[in-house]
1. Once you charge only the Cβ atoms, +1 for Lys and Arg and -1 for Asp and Glu, what is the size of the charge dipole of the chain about its Cα centre, to the nearest 20 debye?
2. Pick out, in residue order, every one of the chymotrypsin sites (Phe, Trp or Tyr not before Pro) in the stretch 210-249 that is DSSP loop and has at most 11 other C-beta atoms within 10 Å; say none if there are none.
3. Using only helices, what value at 222 nm comes out for the chain when you add -39,500 (n - 2.57) per DSSP H run of length 4 or more and divide by the total residues, to the nearest 500 deg cm²/dmol?
4. Which residues' amide hydrogens lie under 5 Å from the amide hydrogen of ARG227, considering only partners 5 or more residues apart or on another chain, with H built in the peptide plane?
5. Take the chain, drop everything but the C-alpha atoms, weight them equally and run the Debye formula without solvent; then report log10 I(q)/I(0) at 0.07, 0.12, 0.15 Å⁻¹ to two decimals.
6. Which of the peptides 300-310, 218-228, 248-258 is most tightly packed, and how do the rest follow, judged by the mean count of other Cβ atoms within 10 Å per residue?
7. Under 4 °C and 1.567 mPa s, how fast does the stretch 174-327 diffuse according to Stokes-Einstein, given a Kirkwood radius computed over C-alpha pairs? Answer in µm²/s, whole number.
8. Cα centroid distance between the stretch 261-278 and the stretch 179-224, in Å?
Amino acid sequence: MNPSIDFIGDIHGHYDELRLLLAKLGYVESAGSFRYPGGARTVVFLGDYIDRGNQSREVVNLVRAMRDSGDAVALMGNHEFNALCFWQLNGAGGSHVIHCIRGGYMREHSFNKVAIHAKTVESYKGRKQEFEEMLGFLRTLPFFLETDLFRAQHACFDHGAARTLDAAGIHSFSDGDFNELMARANDQFNEYDASLFDPINYFLKGPEMDLPDGITFRDGENVLRKRARIRWWIDPKNKTLRELAFQPGVELPACEAPAEVCGRDFYGEGERPVFFGHYWLTGMPRLIRHNVCCLDYSVAGYRGDGRLVAYRFDGEQELDESKFVWVEAI
Ligand SMILES: [Mn+2]
């Protein structure tokens, strides 16, 4: 793969900002798609194209057009996975039934989950056929991308998860029987052999830890949480809960981190650069570390002060803060 790559973080239905960002990066619009002159650069989209903003359909169509013409690679985000699960009947096509999931679908049609997904459905109003085709496109999105120069995924890169999926030959939901792969991806408690819940969830949502008894926090949507996301690029040994948790805007106590995560694998300082989105950062784009680059700056955040952010990569193994390119949320 050409090492001249522009990584783009979470878009969430913000089509106008996406077009502005592509133009700012030097991509030129033609026939419903964008291409860098001479095809000299490629985009890697880091997932979460849909939900929250008003133009999920337009974003998907542009991402898909660029993917189809070879001008982009589009990875899967947790929102794309959730959309597939929302419409997937548990046991569809004679696949294994996952008993820990209540309700007929792989995602409960609860008030909160319907509210999140409704934005996307609304953008396809009067276009049911196109909606079905969109779901077909989502099935083809890979969980991660790895070359000699970099790694990229929506949330977390985990070596064990990557090798498990490589060994199984499964890099998207189109690498086998779709119904069976969806069952395996949702088999959280290993009801059957060959669960893919952990590897797929590492890439799409990242690792989390249970908080010690009595410790909770409220997330950006005011939901009470008893688990926290983990900084998966630091050695968890001898770290406090505060140091290890990755919940921007939340300060957890500086007590001991739960024992079960203290020995977990982590993304080392000597590894190739890794690019991801998912974590709702705010403020000005900055590197987390010379080889760790999160590009989600909350373009769909409710405060309206987010950014859609790209990193302009040319193969360097030490990333450079001057290579962020962004547009403000409109
Ligand atoms: Mn996400």
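1. Rounded to the nearest 20 debye, it is 700 debye.
2. Listed in order of number, the matching sites amount to none.
3. The helix-only estimate for the chain comes to -8000 deg cm²/dmol at 222 nm.
4. LEU211
5. -0.27, -0.85, -1.40
6. By packing density, highest mean first, the sequence is 300-310, 248-258, 218-228.
7. 74
8. 18
Every read-out reported here was derived from the displayed coordinates using simple, explicitly stated rules and does not represent laboratory data. Keep in mind that what you see is a predicted model, and the values were worked out from it rather than measured. Heads up, the Cβs are rebuilt from the backbone with ideal geometry, glycines too, and the neighbour counts pull from every protein chain shown.
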